[in-house]
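What follows is one structure encoded as structure tokens, with my remarks underneath.
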Amino acid sequence: LIDEAAEREGSLRVWVAGCATGEEAYSLAILIREVLEALGLDLPAQIFATDLDPDSIRSARRGVYPTSIEGQVSQARLERFFVREDSMYRVSSTIRDMVIFSVHDVFTDPPFARLDLVSCRNVMIYFDKKTQESLIQRMCQYLSPGGYFFVGHSESLTGLDHPLVYVRPAVYRKKP
């Protein structure tokens, strides 16, 4: 994914739809940063994280989480990508700067262009089959050929009309 994005656009563009309070968007930013560093690449990465709920977006922008994240985030990542503030952890500015949060309706607002990855995890479970197909078609219009599409583990695209190829559970790829 990263090599293809570098060749095609010179940057990596990700959309996290239904981002809630930002955990997934920040997790992807951390993983992308780690992979880029491991590969010795200086590739700009932008993550667009959207949700319908303005309160969730406000919370996500703050990037502040309770100390209970210690159970889900390794000590090495806490030390490297978070700043301890009293009884909370704040996502470091290097990671926060990779993510742009905004209120967005996936059905009425225009999608983001030239995307390398779309994460639509645990969004489609709220819609019927016809609406799911419409949502996938809309998002995939702006997914670059060969780009990836993530869904939640309890979601499947089986039986839906879409331009994606199954890669493994919860991971699909747009046909090149």
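The values are calculated or read from the model by the stated rules, or taken from the named source; none is laboratory data. Remember, predicted model here, so these are calculated numbers, not experimental data. Please note: Cβ atoms are built from the backbone with ideal geometry, for glycine as well, and neighbour counts cover all protein chains shown. Ligands, DNA and RNA are stripped out before the accessible areas are found, and what is left, the full protein with its side chains, is counted by its heavy atoms. Shrake-Rupley method; radii C 1.70, N 1.55, O 1.52, S 1.80 Å.
Points to keep in mind about this one:
- All of Arg61, Arg33 fail the test of being touching a strand residue (DSSP E or B) at 6+ places or on another chain (Cβ under 7 Å) and of a type in the set (Lys, Arg), apart from Arg61.
- Count of segment 6-17 residues which are in contact with a Leu (Cβ under 8 Å, 6 or more places away or on another chain) and touching a residue at least 40 places away in the same chain (Cβ under 8 Å): 5
- Looking at Tyr148, Tyr166, Tyr172, Tyr89, just one residue is at pLDDT 90 or above, touching a strand residue (DSSP E or B) at 6+ places or on another chain (Cβ under 7 Å) and surrounded by fewer than 18 Cβ atoms within 10 Å (Cβ to Cβ), and that residue is Tyr166.
- Those residues of segment 132-145 which are surrounded by 15 or more Cβ atoms within 10 Å (Cβ to Cβ) and more than 19 Å from Asn122 (Cβ to Cβ), in sequence order: Tyr142, Ser144
- Among the residues of segment 68-88, those identified as more than 14 Å from Glu23 (Cα to Cα) and of a type in the set (Ser, Thr, Tyr) are Ser74, Ser87.
- Index of the failed condition, Ile125 passing every other in (1) open to solvent by 70 Å² or more (accessible area, probe 1.4 Å); (2) of a type in the set (A, V, I, L, M); (3) not in a helix (DSSP H, G or I): (3)
- Residue in segment 59-72 that is within 26 Å of Gln132 (Cα to Cα) and either surrounded by fewer than 17 Cβ atoms within 10 Å (Cβ to Cβ) or not basic (Lys, Arg) (or both) present: yes
- Close Cβ contacts (under 8 Å, 6 or more residues apart or on different chains) running from residues in segment 40-66 that are touching a residue at least 60 places away in the same chain (Cβ under 8 Å) to residues that are of a type in the set (Lys, Arg) and open to solvent by less than 70 Å² (accessible area, probe 1.4 Å) comprise Phe48/Arg13.
- Annotation note: Cβ proximity below 9 Å between a residue of segment 109-129 that is on the phi > 0 side of the Ramachandran plot and a residue that is at pLDDT below 85 and not in a loop (DSSP other than H, G, I, E, B) (sequence gap 6+ or interchain) occurs for Arg114/Arg8.
- Subset of segment 143-176 (residues that are farther than 21 Å from Lys130 by Cβ, under 19 Å from the mean Cα position of the chain (by Cα) and in a loop (DSSP other than H, G, I, E, B)): His153, Pro169, Ala170
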